[in-house]
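Heads up: the structure comes next, in structure tokens.
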Amino acid sequence: MMVPKAIQADAKVLREEINAHNHRYYVLDDPQITDQAYDRLFRQLQKLEADYPVLQTADSPTQRVGSTPATHFESVQHEMQMLSLDNAFDEAEMFAFEKRLRDRSQLESETLYFTAEPKLDGLAISLLYEQGLLTRAATRGDGNTGENITANAKTIASIPLKLRGKDVPKRLEVRGEVYIKHADFDLLNQQQGESGGRVFANPRNAAAGSLRLLDSRITASRPLTFCSYGIGTTKDVDLSNSHFQRMLMLKKMGFPISPFIECVSGVEACIEYYRSVMKKREDLSFEIDGVVFKLDDIQLQEKVGFVSRAPRWAIAYKFPAQEVMTTLLDVDFQVGRTGALTPVARLEPVAVGGVKVSNATLHNMDEIMRKDIRIGDVVIIRRAGDVIPEVVAPVSNKRKQDLRQPQMPTHCPVCNSEVVRSEGQAAYRCTGGLVCDAQRKEAIKHFASRKAMDIDGLGNKLIEQMVDLDMIHSPADLYHLDLPQLSGLERMAEKSANNLLSALQNSRLTTLAKFIYALGIREVGEATAEALSAYFGSIETLQKADIETMQQVEDVGPVVAENVFHFFQQQKNRLIIEDLIGQGVNWPDPEVEIAADKQPLLGRTYVITGTLEGLSRDQAATQLKALGAKVSGSVSSKTSAVIAGEKPGSKVTKAESLGIDILDQAAYEALLK
Ligand code: IVH
């Protein structure tokens, strides 16, 4: 079939335009047209190629959608071995690396320059360009023989199908890493899970699996990214003697190179570079496992040579591992405040990122089933930054025999009450409520916490100890504690016991919103508690409200309404509230107008600064508001007085300059009376 000249020209222009947009998007990270405009160009080209199949050239971007599946991968002999890297794990090993270089090159004092870049955690490939066109892509394999994965590599948008620029080399082999970014990996696994496909243990496995699919149309749907880090064999190309300059040349030709690439001088600078990349590690959008340093001078590289499989002129300075393997010894279930049972992995202790780990979260039962985690499995543990260590996945090829699946217990491991799963919810819960010691501890911790009753000095350990000793069964019991009881506790001097008693005393005066929040009703956070307080105005009205009325409150839907209603239906909860109020827990009525004679500070505005003894600023504010005063965060001419505790801030200076009264703690206490 004859293709009209004009059509040929159109196809060429479209190809070049689309490839240029691709380059801007994937390599320069600087797109110039919208996705829709891009799609339009792409479809135009697809149409031309469908009408005239000869127009489908090797560099056509339409090739990136993949083609009919292959039956196997051809093997590829690497002309130049694909080497691996030696590792360094500490500074001493970096200095030893430098010493070896000096000994080999007989350079004693000259400065050594290194190209530095992060070590990507993916897999190495080789890309061969002949007359400027991508003609072959291969995996590293054993370094000598790899697999021909050209069809798959062509689907990766950041791999150029054609070199940019005028003087294209006859032959150029580019090497680099194929990897998957964190966000793309999460999305991929989510899709895989939903479609019943294979769930990958980590981005590296996902990249390796995707690159070795016989059906390149599936590879095309996988979010693979490429970054180049070196040059293999070449013909007819002027190469700089500096590795760094060579990388810049690759960039000009259209290859992505690391945005963090630098040329540094001396090993001290290498160590500094390592530290600065380590700091960025958590914020990067992709996984790295260290930093690679390469002697920059290519002639010197050749002089120092390589040993078996790794060059002497390069080194990977590795970060402490964030993912390690260990054995899952057992799965226990931890009971939270609302009774939810969370599976916790008990592990053969192992160091992850420099910290010894023997427990890790398994999230929930669905996750365990989805990943098919069994007791006795070798599992991958991940610990990144401050997050709780988690079990990522089992290492399935290490499972040698049939292993037992973890089972959700039918009865609570703490109180033996029945465990149920409410319809439509992921969590299994213990039905024991405050009968359950675990829930009791968590409920009391929540009750005492800063945003709830704010009981200063009542820490988690102390609460656990008191529950274990049967001293307290409910939050209300806290207000029954006395000095002899408290000072009888382990590591509790009389002074701390007294402090705790006065903190308890101070916490008695609160607000209705904080009180509701402190009750720990499921899904009632601070904001909902505020809304309920403002709507109902008193605990009695709230307790009597029906589900429909509760849904009148802003942001309260059927689930929260049901939870609140159910909470107050329970006799034991009503008794606890009654007990708390009986023990003097109180709050000013938020809605009902208080007669002016009961609000002696009406119309006055106070600013609180510094540390007050035995009283948080929030508590002082509550006390003042109860007497009708306003409390403000900043001093102005409208301020009636500033209440200043220890170490007050600039607010006192400002008050002085405006001639406003400053009250110390004693004066404040007198004011309250
Ligand atoms: S250079 C002779 N540079 O690490 C040089 N490799 O452990 C050989 N890798 O197979 C490779 N990022 O898959 C080099 N910036 C980087 C790298 C890098 C990741 C991988 C590569 C290689 C393995 C060696």
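Quick check: pseudo-label points 7 Å beyond the Cα along Cα→Cβ at E669 and E272, how many nm apart are they?
It is 5.7 nm.
List the cysteines of the chain that have no other Cys Cβ closer than 4.7 Å: which are they?
C227, C263, C270
Provide the packing ranking of 477-490, 395-408, i.e. peptides ordered by the mean count of other C-beta atoms within 10 Å per residue, highest first.
In descending order of packing, they fall as 477-490, 395-408.
Once the dipole of the chain is set up with Lys and Arg at +1 and Asp and Glu at -1 on Cβ about the Cα centre, which of I159, V524, F200 lies farthest towards its positive end?
I159
If the only charges are +1 at each Lys and Arg Cβ and -1 at each Asp and Glu Cβ, what is the size of the charge dipole of the stretch 211-354 around the Cα centre, to the nearest 20 debye?
On the way: 18 positive and 17 negative charges, 63 e Å.
Computed about the Cα centre, the dipole is about 300 debye.
Say the dipole of the stretch 620-661 comes from +1 at the beta carbon of Lys and Arg and -1 at that of Asp and Glu; which of A655, L624, I643 then lies farthest toward its positive end?
Of the listed residues, the answer is L624.
Give me the number: length gained by fully extending E367 to H480, i.e. 0.36 nm times residue separation minus the C-alpha to C-alpha distance, one decimal in nm.
Details: separation 113, 0.36 × 113 = 40.68 nm, distance 4.32 nm.
Answer, rounded to one decimal: 36.4 nm.
Under a straight-distance cross-link criterion of Cα-Cα below 16 Å, which aspartates and glutamates are reachable from K235, leaving out those fewer than 8 residues away in the same chain?
Within reach: E79, E130, D167, E173.
Which order do peptides 296-308, 611-623 fall in by mean Cβ count within 10 Å, highest first?
Details: 296-308: 15.4, 611-623: 17.6.
Packing proxy ranking, top to bottom: 611-623, 296-308.
GluC sites (Glu not before Pro), restricted to the stretch 85-139: which are DSSP loop and have at most 14 other Cβ atoms within 10 Å?
Numbers: sites: E91, E93, E98, E108, E110, E130; in loops: E108, E110.
Sparse-neighbourhood loop GluC sites (Glu not before Pro): E108, E110.
Starting from the Cα-Cα distance between L133 and E194, subtract it from 0.36 nm times their residue separation and give me the gain in nm to one decimal. Present the calculation step by step, with values, prior to reporting the outcome.
Working: separation 61, 0.36 × 61 = 21.96 nm, distance 3.83 nm.
Additional length available on full extension: 18.1 nm.
Quick one: length gained pulling D283 to E613 fully straight, 0.36 nm per residue minus the C-alpha distance? Don't jump to the answer; show the numbers that get you there.
Values: separation 330, 0.36 × 330 = 118.80 nm, distance 4.13 nm.
My answer for the length gained is 114.7 nm.
Roughly what would the spin-label model give for L329 and D142, points 7 Å off Cα along C-beta, in nm?
4.0
Using helices alone, what [θ] at 222 nm do you get for the chain, with -39,500 (n - 2.57) per DSSP H run of 4 or more residues, divided over all residues and rounded to the nearest 500? It would help to have the intermediate numbers written out before the result.
Numbers: 24 runs with 240 residues, N = 673.
That comes out to -10500 deg cm²/dmol.
Given the convex hull over the Cα atoms of the stretch 479-631, what projected area results after averaging over all orientations, in nm²?
On the way: hull surface 44.8 nm².
Hull-based average projected area comes out at 11.2 nm².
Once both axes come from the Cα atoms, what is the angle between helix 558-569 and the longest principal axis of the chain, in degrees from 0 to 90, rounded to 10?
That helix lies at roughly 30 degrees to the long axis.
Name the residues whose placed amide hydrogens come within less than 5 Å of the amide hydrogen of F333, ignoring near sequence neighbours (fewer than 5 apart) on the same chain.
So F333 has HN proximity to V344.
Within the stretch 294-318, list the residues whose amide N lies under 13 Å from a label point set 7 Å along Cα→Cβ of E110.
Flagged as within label range: 296-304.
With a point put 7 Å past each Cα toward its Cβ, work out how far S308 is from L509 in nm, to one decimal.
7.7
Can you tell me which aspartates and glutamates have their Cα less than 15 Å from the Cα of K647? Leave out same-chain residues fewer than eight positions away.
E613, D664
The numbers here are math on the coordinates, done by the rules we state, and not lab data. Keep in mind that what you see is a predicted model, and the values were worked out from it rather than measured. All Cβ positions, glycine included, derive from the backbone under ideal geometry; neighbour counts span all protein chains shown.
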